[in-house]
1. With the condition kept exactly as written, say whether any residue in the stretch 172-189 is within 16 Å of ligand 2 (Cβ to nearest atom), outside any loop (DSSP other than H, G, I, E, B) and touching a helix residue (DSSP H, G or I) at 6+ places or on another chain (Cβ under 8 Å).
2. Listed residues 210, 277, 269; which is hydroxyl-bearing (Ser, Thr, Tyr), in a loop (DSSP other than H, G, I, E, B) and out of contact with any Asp or Glu (no Cβ under 8 Å at 6 or more places or on another chain)?
3. Just one of the numbered conditions (1) in contact (Cβ under 8 Å) with a residue 24 or more places away in the chain; (2) touching an Asp or Glu at 6+ places or on another chain (Cβ under 8 Å); (3) surrounded by fewer than 16 Cβ atoms within 10 Å (Cβ to Cβ) is not true of residue 251; which one?
4. Taking the residues in the stretch 261-281 that are at pLDDT 95 or above and β-branched (Val, Ile, Thr) as candidates, determine which candidate is nearest to residue 146 (Cα to Cα).
5. So, of the residues in the stretch 59-71 that are part of a loop (DSSP other than H, G, I, E, B) and under 26 Å from the mean Cα position of the chain (by Cα), which turns out to be surrounded by the most Cβ atoms within 10 Å (Cβ to Cβ)?
6. Scan 236, 220 and give me the residue that is within 12 Å of ligand 2 (Cβ to nearest atom) and under 25 Å from residue 135 (Cα atoms).
7. Between residues in the stretch 10-34 that are under 19 Å from residue 73 (Cβ atoms) and residues that are of a type in the set (Phe, Trp, Tyr), which pairs lie under 6 Å by C-beta distance while being six or more apart or on different chains?
Amino acid sequence: MSKPKRLLILGSTGSIGTQAIDVCSRSEELEIVGLSAERSWEALVEQARLYGVKRIALADQHAAARASEVWTDGRVLGGAEGLVALVVESGADLVLNALVGSAGLGPTVAALGEGIDLALANKESLVVGGELVSALAQATGARIIPVDSEHTALHQLLAGQPLGAVKRMTITASGGPFRGRPRSELQQVTVDEALAHPTWAMGGKITIDSATLMNKGLEVMEAHHLFGTPYERIDVVIHPQSLIHGLVQLDDGAMLAHLGPPDMRIAISYALHGGESVALPIEPLDLAAVGQLTFEAVDLEAFPCLRLAREAARAGGTAPCVLNAANEIAVHAFLEGRLRFLEIAEVIEGVLGELDSEPVLSFESLYEADRQARALAADAVIALS
Ligand code: NAD
Ligand code: MG
């Protein structure tokens, strides 16, 4: 057998991170060489002990200090620069970026800059810095392999097609817990209702993004950057069963669909094995038991976040970065009970109206737009509460 691939997992205590560890524990082809979390140092140290990992990083300096007091079997790095140092020092062949939000951009840039292949769950990296991130990957020859059920589906579907044969692509959305409800019923929904996703168990931020359909807007941008497909050729359709994840339409009118159980380990394993399908202990679908696959158009009046994301995507420049930052602040405020559900879109629309889209000249212009949008969104949250 060839040498195992050296894997660094960023965000290893989260929903994607823990499932990635599960995938690794079943594969002899993968060796974990580094782990990171934001502040949950106890869980991180426990993972390091269990898997014999010698390098960990905590974004929170305080948590990093606590970890280094109790864990002396390896190196503990701290802060945002610690995360980047972990990427650069770990000697990894592959980095899984499973952080949440634009905090993932720095490590994405660090990995690609070093020419290290990237399994990318942190879609916000592509939303915020798509052009620069793609150019960097091209310059260093590092691959970006998606970890997102829809994009894994498209990646696999496109692998069998000659360039130019694909006319359109479609990503599916479950519709979230509020599918079918009119706008008038959405203002009073609670955090618990919004967190009760019908088909997927995920981290808090993406679960709220799924309830507002912002997640699908971010995914349209993710698909655009991953596959170089123009926005007008990327469709979204509601598919409540979450069993078809992506479709491509060919020039001859045929459509190819990718089906599978809603289990992220399939997407994670595919990416960690370099875009290859490897055996997993997952029950395949019983189509007769499934019975029906249904589809609906998106109600953009009830779920304006998808419209806002499409508008920001079309505007380009710093607009997607601004949209993303305002969304992060608004979702955080909603989760803390400081904002109502429909006000999430209201905050984002207000911030997009206040900040003109600027050309993206460097990563610095993105960090600046991110800072400005966060400040304006925080003010908007206070004004509404
Ligand atoms: P999560 O909240 O469960 O986990 C996030 C991880 O990142 C944790 O380990 C946390 O400690 C760390 N983290 C959070 N903020 C950080 C920061 N500022 N700096 C450093 N580390 C930080 O999130 P998740 O659901 O696993 O999602 C991770 C990413 O994967 C997101 O971009 C999400 O959109 C994407 N994704 C998730 C799923 C899913 O099923 N969970 C599916 C598709 C895509
Ligand atoms: Mg997805």
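The values are calculated or read from the model by the stated rules, or taken from the named source; none is laboratory data. Here the structure is a predicted model, which means the values were calculated and not measured. Ideal geometry is used to build each Cβ from the backbone, glycine not excepted, and the neighbour counts take in all protein chains shown. Side chains are part of the model used for accessible areas, which takes the heavy atoms of the whole protein and leaves out ligands, DNA and RNA. Shrake-Rupley method; radii C 1.70, N 1.55, O 1.52, S 1.80 Å.
1. Yes: the stretch 172-189 contains one or more residues that are within 16 Å of ligand 2 (Cβ to nearest atom), outside any loop (DSSP other than H, G, I, E, B) and touching a helix residue (DSSP H, G or I) at 6+ places or on another chain (Cβ under 8 Å).
2. Working: 210 fails: in a loop (DSSP other than H, G, I, E, B); 269 fails: in a loop (DSSP other than H, G, I, E, B).
Going through 210, 277, 269 in turn, the sole match is 277.
3. With respect to (1) in contact (Cβ under 8 Å) with a residue 24 or more places away in the chain; (2) touching an Asp or Glu at 6+ places or on another chain (Cβ under 8 Å); (3) surrounded by fewer than 16 Cβ atoms within 10 Å (Cβ to Cβ), residue 251 is out only on (2).
4. It comes out as 268.
5. Going through the stretch 59-71, the residues part of a loop (DSSP other than H, G, I, E, B) turn out to be 59-60, 71.
Checking which are under 26 Å from the mean Cα position of the chain (by Cα) leaves us with 59-60.
On the way: 59: 21, 60: 17.
This residue is 59.
6. On the way: 236 fails: under 25 Å from residue 135 (Cα atoms).
Going through 236, 220 in turn, just one is within 12 Å of ligand 2 (Cβ to nearest atom) and under 25 Å from residue 135 (Cα atoms): 220.
7. Sorted first by the residue in the stretch 10-34, then by its partner, the pairs are 32/51.
Here's the yes/no breakdown for (1) touching a strand residue (DSSP E or B) at 6+ places or on another chain (Cβ under 6 Å); (2) farther than 19 Å from residue 175 by Cα; (3) modelled with pLDDT of 95 or more:
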{"position": "255", "(1), (2), (3)": "yes, yes, yes"}
{"position": "259", "(1), (2), (3)": "yes, no, yes"}
{"position": "284", "(1), (2), (3)": "no, yes, no"}
{"position": "303", "(1), (2), (3)": "no, no, yes"}
